[in-house]
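Trainee: Attaching a single structure in structure tokens format; questions to follow.
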Amino acid sequence: QVQLVESGGGLVQAGGSLRLSCAASGQTYSFYAVGWFRQAPGKEREFVSAITWRGIMSDYTDSVKGRFTISKDNAKNTVYLQMNDLEPDDTAVYFCTGRQTTGFSRRWDEYAYWGRGTQVTVSS
């Protein structure tokens with residue numbers, strides 16, 4: 001059994017920053033990677049970033065490169081998404097997700113485990 005619990009969302013003005021956290025528990029030893037997806041109203045769930053479970057490699061979608069940083073605290077089994085220079089287009093529900101299969105993927109249907117999400121709202 002795996003549980004992923006997100007926190008850290010909120011309302012921020014454009015140009016501001018937020019840090020999302022995802023606490024993982026259970027059989028996380030089987031994970032190859034953990035990551036973040038987001039879903040805005042009326043839009044499909046989209047890949048944001050992912051990091052290998054050991055924190056060695058990471059991947060970002062182009063629209064957040066240079067603004068978002070994913071990291072992992074191995075001792076706490078917690079994944080972070082530091083989001084700087086936020087834009088109104090970043091407004092969405094952000095979901096933490098885990099993947100057991102080797103390799104990164106940007107397809108949401110290739111991730112088996114999901115948190116409930118945390119709302120991020122960026123005002124202009």
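The values are calculated or read from the model by the stated rules, or taken from the named source; none is laboratory data. The shown structure was predicted, so the numbers you read here are calculated from the model rather than taken from an experiment. With ideal geometry, Cβ positions are generated from the backbone for all residues, glycine too; neighbour counts draw on all protein chains shown. For accessibility, only protein heavy atoms count, side chains too; no ligands or nucleic acids. Shrake-Rupley method; radii C 1.70, N 1.55, O 1.52, S 1.80 Å.
Trainee: Quick one: net charge around residue 104, please, counting Lys, Arg +1 and Asp, Glu -1 for every other residue with C-beta under 13 Å from its C-beta.
Mentor: For residues surrounding residue 104, the net value is +1.
Trainee: Calculate the tail of P(r) for segment 1-115: the fraction of all Cα-Cα distances greater than 20 Å, expressed in %.
Mentor: 34 percent
Trainee: In sequence order, what are the phi-derived ³J(HN,Hα) couplings for segment 101-114 according to the Karplus relation 6.51 cos²θ - 1.76 cosθ + 1.60 with θ = phi - 60°, rounded to whole Hz, with x for glycine and proline?
Mentor: Whole-Hz 3J(HN,Hα) from phi for segment 101-114: 6, 4, x, 7, 8, 9, 8, 5, 7, 9, 10, 8, 10, 9.
Trainee: Between 36, 108, 53, find the one with the highest GNM mean-square fluctuation for the chain; connect C-alpha pairs within less than 10 Å.
Mentor: 108
Trainee: Rounded to whole Hz and in sequence order, give me ³J(HN,Hα) for segment 93-100 from the Karplus expression 6.51 cos²θ - 1.76 cosθ + 1.60, θ = phi - 60°, writing x for Gly and Pro.
Mentor: 8, 9, 10, 8, 8, x, 10, 9
Trainee: On the protein heavy atoms, probe 1.4 angstrom, tell me the percent of accessible surface of the chain carried by carbon and sulfur.
Mentor: Percent of accessible area from carbon and sulfur atoms in the chain: 45.
Trainee: To the nearest 20 debye, what charge dipole does the chain have about its Cα centre, counting +1 at the Cβ of each Lys and Arg and -1 at the Cβ of each Asp and Glu?
Mentor: Dipole magnitude for the chain comes out near 320 debye.
Trainee: I would also like to ask the following. Using each residue's phi in segment 60-75, evaluate 6.51 cos²θ - 1.76 cosθ + 1.60 at θ = phi - 60° and report the 3J(HN,Hα) Karplus result to the nearest Hz, with x for Gly and Pro.
Mentor: Going residue by residue, I get 9, 6, 4, 5, 10, 4, x, 10, 9, 9, 9, 8, 9, 9, 5, 5 Hz, with x marking Gly and Pro.
Trainee: Percent relative contact order of the chain, based on C-alpha pairs within less than 8 angstrom and at least six residues apart?
Mentor: 36 percent
Trainee: While we're on this one: Give the accessible surface of the chain per residue, rounded to a whole number of Å², with probe radius 1.4 Å and ligands, DNA and RNA excluded.
Mentor: 53 Å²
Trainee: Based on alpha-carbon centroids, what's the gap between segment 7-58 and segment 74-104 in Å, whole number please?
Mentor: When both Cα centres are located, 1 Å separates them.
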